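Student: Can you read through this structure? Questions will come right after.
The values are calculated or read from the model by the stated rules, or taken from the named source; none is laboratory data. None of the values given here were measured: they were computed from a predicted structure. In this analysis, Cβ positions are derived from the backbone assuming ideal geometry, glycine residues included, and neighbour counts consider all displayed protein chains. Note: accessible area is taken over every heavy atom of the protein model, side chains too, but ligands, DNA and RNA are not part of it. Shrake-Rupley method; radii C 1.70, N 1.55, O 1.52, S 1.80 Å.
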Amino acid sequence: RSDAVLNAVAAAIPHPSKVQRGVKAFVAREFGYAGEDAYVIISEGPIQVMAVADGVAGWWDAGIDSGVYSRQLLTRVKEAALDSVLGETADASSPQERGGAVKRVDPMLLLDKAWAKVKKQDEVKGSCTVCVVTLDRDTSTLRAANLGDSGFMVMRIISSEARSMGLRSLVPDKYPINSSVGEHRRASKPRMKFPTRCEIVYRSPPMEHALGHPYQLGHHENTDQTSMSDKVEVDVVPGDWVVLGTDGLFDNLGEDAIAAHILEAHLAMQKTWQSARASATGAARTLLAAAFEASRSKHAVTPFSIAASEELNLVYSGGKLDDITIMVAVVEEGDDEWSPSRFHGDTIDFM
């Protein structure tokens, strides 16, 4: 199997009420936050890590900013990832030396180590949901540890050519390909046309005790545990798309809507020959804008409105106002050599 890499970008925006007050997201290449949301991206050697955490806003009633908790947890995830990747040669001076010490990164192990450190920081209060995703370049395996209602999706573009090739056995030996001149010859491939589509390979299920009460890690006595995390492995191939986000995304945009935006980005990439990074940036911006708009709507049918209607046994419409953090990555073929970070972030200003 060919070596795989992730070409990823991040986008984030705070809760609309914070935006009105002039609060902006901080979105950098390897780390960023928006309100209580936070994300981190690590690319060191052949294994890459993406993670998001969403601080529980309810702690504000006790005077606690859970954004500190989410940022601290992901800072510790980054430390654990670099320790795991670099091992004993963490102080090596060259990329080649560092690349020689690469080990497999287990997202569950990263989360365990990170939380153990945060629990020792008595000054860090609050709680957060968290989703850690790693890519093993050697095996093209995406691994995840997810706790709460943040999550991720893996999508695959099924082109018309790929789909028609799968139907070759249904084509008769003689197939009219130029009926205007009465010519018939053996078909080299089917002429059956299908639209290109975006297939959802995997969507992590939200983990909630009840509506609005997600599983979470925190300083409090009744905190959930990392062992409760949903542990997943997904095989990916070049051309796959990965979307990682907090519930600000998944409460306001359904799976089909997200897949539709990814398909749009893929078709634009094909039409304009733009790079995967540029396409991912466009998709992240579009998803962020769509989720932000839906969160402010009082009439849209959203995943949150559907869940609220079922839970409360009433008709509820509209989105859920929240911080929104999104990462979009494209799986590409890589090479055997260690290379600098392929990840890139853009500051998104909606004011």
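Student: Quick one: GLY318 ticks every box in (1) closer than 24 Å to GLY55 by Cβ; (2) at pLDDT 95 or above bar one, so which box is it?
Tutor: With (1) closer than 24 Å to GLY55 by Cβ; (2) at pLDDT 95 or above applied to GLY318, the lone miss is (2).
Student: I'd like to verify a number: residues in region 243-295 that are within 13 Å of the chain's Cα centre (by Cα), over 18 Å from VAL5 (Cβ atoms) and open to solvent by less than 40 Å² (accessible area, probe 1.4 Å), how many?
Tutor: Final tally of qualifying residues: 11.
Student: If the requirement is being in a strand (DSSP E or B) and surrounded by 21 or more Cβ atoms within 10 Å (Cβ to Cβ), which of these qualifies: ALA12, ALA81?
Tutor: ALA12
Student: Looking only at residues in region 65-81 that are hydrophobic (A, V, I, L, M, F, W, C) and within 14 Å of PRO107 (Cα to Cα), which one is modelled with the lowest pLDDT?
Tutor: My answer is ALA81.
Student: Which of the residues that make up region 51-61 are in a helix (DSSP H, G or I) and either under 25 Å from MET108 (Cα atoms) or free of Cβ contacts under 8 Å to residues at least 60 places away in the same chain (or both)?
Tutor: Correct list: ALA57, GLY58, TRP60, ASP61.
Student: If I ask for residues that are surrounded by fewer than 24 Cβ atoms within 10 Å (Cβ to Cβ) and either among the hydrophobic types (A, V, I, L, M, F, W, C) or not in a helix (DSSP H, G or I) (or both), which ones from region 106-126 would you list?
Tutor: Of everything in region 106-126, those that are surrounded by fewer than 24 Cβ atoms within 10 Å (Cβ to Cβ) and either among the hydrophobic types (A, V, I, L, M, F, W, C) or not in a helix (DSSP H, G or I) (or both) turn out to be ASP106, MET108, LEU109, TRP115, ALA116, VAL118, LYS120, GLN121, ASP122, GLU123, VAL124, LYS125.
Student: Let me ask you something else. Restrict the check to region 114-133 and report whether at least one residue is in contact with a Gly (Cβ under 8 Å, 6 or more places away or on another chain) and at pLDDT below 95.
Tutor: no
Student: Among the residues of region 296-336, how many are outside any loop (DSSP other than H, G, I, E, B), of a type in the set (D, E, K, R) and either open to solvent by 60 Å² or more (accessible area, probe 1.4 Å) or closer than 18 Å to GLY212 by Cα (or both)? Lay out the reasoning, then the answer.
Tutor: Pass one, region 296-336, residues outside any loop (DSSP other than H, G, I, E, B): 296, 303-312, 324-333.
With the extra rule that they be of a type in the set (D, E, K, R), the set shrinks to 296, 310-311, 332-333.
Filter again for either open to solvent by 60 Å² or more (accessible area, probe 1.4 Å) or closer than 18 Å to GLY212 by Cα (or both), leaving 296, 310-311, 333.
Final tally of qualifying residues: 4.
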